[in-house]
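Only one structure is covered here, and it is reproduced in the block below.
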Amino acid sequence: SNGLVLDKNGNKMSKRLGNAVDPFETIGKYGPDATRWYMLTNAQPWDNLKFDVEGIQEVQRKFFGTLYNTYGFYAIYANIDAFVPGLQPTIPLNERSELDRWILSKLNSLVAYVKECLDDYNPTPAARAIEEFVDAHLSNWYVRLSRKRFWHGTLTTDKQAAYETLHECLVTVAQLASPFAPFFCDWLYRNLTETARLNSVSVSDALKYESVHLSLLVHADSAAIDEELESRMDFAQKISSMVLSIRKKENLRVRQPLRAIRIP
């Protein structure tokens, strides 16, 4: 790294100027994973970094908090239904809902992109892509639109597909993010795979290890990538975002029905 660490005003940090941040105090308060993630996603290693502890707090909330809550959502309902990955035959991709196929397409596109970045020793766009996937796609879109599927009383085929899809996304994210956040991702991976291992379920290479750092990262499945589906869903997400923005501007509550939406 050739970049300098600057304070939030753009001044070079130094003890002489009194604007230096104690790294051990920062890591002790916010954790090594959040600190590392903030530094990697905020600027390329060879660029100057404007360091602000408020940015670490944002990382804790937006990325780690969102990922933790998404895992918590999965864990609550999986425990209620005693769902164990691999215990039953996996639902084929072509039999899953369009929403499942979309998020798995985005996941495999993410795997390919992150691998390409890391092979090129370019960690910053890789970490940013993981963060966007977790926040914008997995949590705020897939889980939000799939909630009723998890609330169904019995373990239907559709509900099983939702469990398998969300589990695969979480495990793969744990693997992709593990070079940047080794401690949190190892905790996440262990929680997601322990039940299957203890129940002696036949699992894939990505799930059978006791640590994420021993596991084999899955390769991007080109057959699961549907660019046309991703494009259509991206369109729907942008429309939804625009409508919410206009509602906020016009003080229209989200629950208030609209007569029509016109999109030029």
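Of the candidates T193, T124, T165, the single residue that is in contact with a Leu (Cβ under 9 Å, 6 or more places away or on another chain) and closer than 20 Å to R36 by Cβ is T124. Within the range 247-264, the residues that satisfy the criterion of being open to solvent by less than 100 Å² (accessible area, probe 1.4 Å) and either of a type in the set (A, V, I, L, M, F, W, C) or over 22 Å from N140 (Cβ atoms) (or both) are L252, L258, A260, I261, I263. Of the numbered criteria (1) more than 20 Å from F133 (Cβ to Cβ); (2) touching a helix residue (DSSP H, G or I) at 6+ places or on another chain (Cβ under 9 Å); (3) modelled with pLDDT of 90 or more, the one K249 fails is (2). The residue that is surrounded by the fewest Cβ atoms within 10 Å (Cβ to Cβ), among those in the range 92-126 that are of a type outside the set (S, T, Y) and in a loop (DSSP other than H, G, I, E, B), is P92. Evaluated against (1) of a type outside the set (F, W, Y); (2) in contact with a His (Cβ under 7 Å, 6 or more places away or on another chain); (3) outside any helix (DSSP H, G or I), K159 falls short on exactly one condition, (3).
Taking the numbered list (1) surrounded by fewer than 14 Cβ atoms within 10 Å (Cβ to Cβ); (2) at pLDDT below 90 in turn, A206 passes all entries but (1). Among the residues of the range 212-243, those identified as of a type outside the set (A, V, I, L, M), free of Cβ contacts under 8 Å to residues at least 40 places away in the same chain and either more than 26 Å from R262 (Cα to Cα) or open to solvent by less than 90 Å² (accessible area, probe 1.4 Å) (or both) are H213, S231, D234, S240, S241. F150 meets each of the listed conditions (1) within 22 Å of P92 (Cα to Cα); (2) outside any helix (DSSP H, G or I) apart from (2).
In the range 86-101, the residues that are on the phi < 0 side of the Ramachandran plot form Cβ pairs under 8 Å with partners that are not in a helix (DSSP H, G or I) and not hydrophobic (A, V, I, L, M, F, W, C), at six or more places apart or across chains, as follows: L87/N199; R101/D226. Of all residue pairs spaced 6 or more apart or on separate chains, those with beta-carbon atoms under 8 Å, a first member in the range 32-59 that is farther than 14 Å from P125 by Cα and a second member that is among the acidic types (D, E) and surrounded by fewer than 18 Cβ atoms within 10 Å (Cβ to Cβ) are K50/D7; F51/D7; D52/D7.
Residues are listed down the side, and each one gets a yes or a no for (1) within 28 Å of the chain's Cα centre (by Cα); (2) farther than 23 Å from P92 by Cβ; (3) assigned to a helix (DSSP H, G or I):
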| site | (1), (2), (3) |
| --- | --- |
| E228 | yes, no, yes |
| D234 | yes, yes, yes |
| K238 | yes, yes, yes |
| I246 | yes, yes, yes |
| N251 | no, yes, no |
| R262 | no, yes, no |
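Can you pull out every residue in the range 60-91 that is outside any helix (DSSP H, G or I) and open to solvent by 60 Å² or more (accessible area, probe 1.4 Å)? Selection gives A82, L87, Q88, P89, T90. Each residue in the range 23-50 was checked for being open to solvent by 40 Å² or more (accessible area, probe 1.4 Å) and of a type in the set (A, V, I, L, M), and 2 of them qualify.
The values are calculated or read from the model by the stated rules, or taken from the named source; none is laboratory data. What you are looking at is a predicted structure, and each value in this text was computed from that prediction instead of being measured. With ideal geometry, Cβ positions are generated from the backbone for all residues, glycine too; neighbour counts draw on all protein chains shown. For the accessible areas, the whole protein counts, side chains as well, though only heavy atoms, and no ligand, DNA or RNA atoms are used. Shrake-Rupley method; radii C 1.70, N 1.55, O 1.52, S 1.80 Å.
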